[in-house]
Amino acid sequence: MAENYTKPHRKELAQLSYLRRRVWLCLLVVLLSFSSFWPDTAASAQKQTDPNLYSERLALYKKMEVLTSVPWPYLAAVDSYERGLRKALRDREQAKGLVSIYYPKEEWVGALNPNINDNDPTTISLFEGIGLDGNGDGKANIEDDEDVLYTFARYLESHGYSDEDFRIALWHFYQREQSVNIVSGHAKVYETFQTLDLHQHAFVMPLHHHYSYRSTWGAKRGWGGRRIHEGTDIFANYNVPIQSSSYGIVETIGWNPYGGWRIGIRDLDNIYHYYAHLNGYEKGLEKGSIVKAGQVIGYCGSSGYGKPGTQGKFPPHLHYGMYRDNGISEWSFDPFPSLKQWERADKNAKKNNS
């Protein structure tokens, strides 16, 4: 009996070991495949804040402004929006050069062009492609920053130079009102500050105040129907100042039954920052206001979960949410890691300045 039992048992163990190896191999392949969708975060952040990168981009935008009379903030706004799309869309690779504006090859060379890699402006025009030569080298290269930016600038120029003309051109290009609003907002931010170096962040409360928070994203919520918690709750006393975590434009402001008195700010990476349960707003803030990182925008409270003015249904705290736009829809993601990163950076900056 022992012999009859032992042999099958060993065979099953061998099969199980084989299956485990296959499972681990499959998991490894999947992980390696997905890694190609997500760039090195540290490297991307360092590249994004490189002063030389900003100066090179700005010089390119201003060069195209001279060639086409299209204001450089318009070009910067579209490029910034497209850069955010590349981060959000898995099927779109990261830009290899300075410019992130994306064209499908078929659109660039012409849908009926037999040469999908054509860079001859004459044949591209013959097949009704849109690619243009932006630097005078006799080529319309889809991988050349100047050619791509010049092509888009000429497209904007064909619609006119006013803000309304800009919005009309964006509508025809994206066929989505939210995309038009986001890009128009980016342009106003660039126009206000006259620089591209606007990607710094700040923690959402002054560090000298007492506050506490932990990761609460995805937790269950019941008021108003079953749903998940799309943010991080930061508990503090009434009227503790709330600071904008980013440069951007006020996209929404006012009462929301869930969030009470809330503010929504769109940054230049297309991310929507949501501040809820406020006790009030900073004076002068309204829809369309341009803000900078660290600027006071409101005050901690306990508003929400009812009709306008409802207060006190929970302890005072800031509900902070982050939402990414991919050109089609928008979804929330956990803001806790970003909050910890910004808090740590502010503490280090304070320590270094003391």
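Please compute, over every Cα-Cα pair in segment 209-351, the percentage with a separation greater than 24 angstrom.
Values: 2672 of 10153 pairs.
That tail contains 26 percent of the Cα-Cα pairs.
Within 10 Å, count the other beta carbons around each residue, average over each peptide in 289-296, 308-315, 342-349, and list them highest first.
289-296, 342-349, 308-315
Counting only residues 5 or more places away or on other chains, whose amide H sits under 5 Å from the amide H of Ser246 once H atoms are built in the peptide plane? Here the answer is Ala202, Gly294, since their amide H atoms fall under 5 Å of that of Ser246. Annotation: amide H-H contacts under 5 Å for Thr310 (H modelled 1.01 Å from N, sequence separation of 5 or more, or interchain): Gly304.
Accessible surface area normalised per residue over segment 43-120 is 49 Å², counting heavy atoms of protein chains with a 1.4 Å rolling probe.
Across the alpha-carbon set of segment 285-342, the Rg to Rh ratio works out to 1.01, Rh being the Kirkwood radius.
In whole percent, and with a 1.4 Å probe on the protein chains, what portion of the accessible area of segment 168-324 is carbon and sulfur? Don't jump to the answer; show the numbers that get you there.
On the way: 3440 of 6670 Å².
For segment 168-324, the apolar C and S fraction of the accessible surface comes to 52 percent.
Shown for segment 72-120: the carbon plus sulfur share of the solvent-accessible area, taken with all protein chains present and a 1.4 angstrom probe, equals 48%.
In the context of the full set of protein chains, residues of segment 209-351 present 46 Å² of accessible surface per residue (probe radius 1.4 Å, heavy atoms only). For segment 158-175, the Karplus equation 6.51 cos²θ - 1.76 cosθ + 1.60, evaluated at θ = phi - 60°, returns couplings of 5, 9, x, 10, 7, 4, 5, 4, 4, 5, 5, 4, 5, 4, 5, 7, 9, 6 Hz by residue, with Gly and Pro reported as x. With no solvent and one equal point scatterer per Cα, compute the Debye intensity ratio I(q)/I(0) for segment 110-200 at 0.23 Å⁻¹ and report its log10, rounded to two decimals. Taking Cα atoms of segment 110-200 as identical point scatterers yields -1.12.
The values are calculated or read from the model by the stated rules, or taken from the named source; none is laboratory data. Note that the structure is a prediction, hence the values are computed from the model and not measured. So basically every Cβ, Gly included, is an ideal-geometry build from the backbone, and we count neighbours across all protein chains shown. Remember, those area values only see protein heavy atoms, side chains included, never the ligands or the DNA or RNA. Shrake-Rupley method; radii C 1.70, N 1.55, O 1.52, S 1.80 Å.
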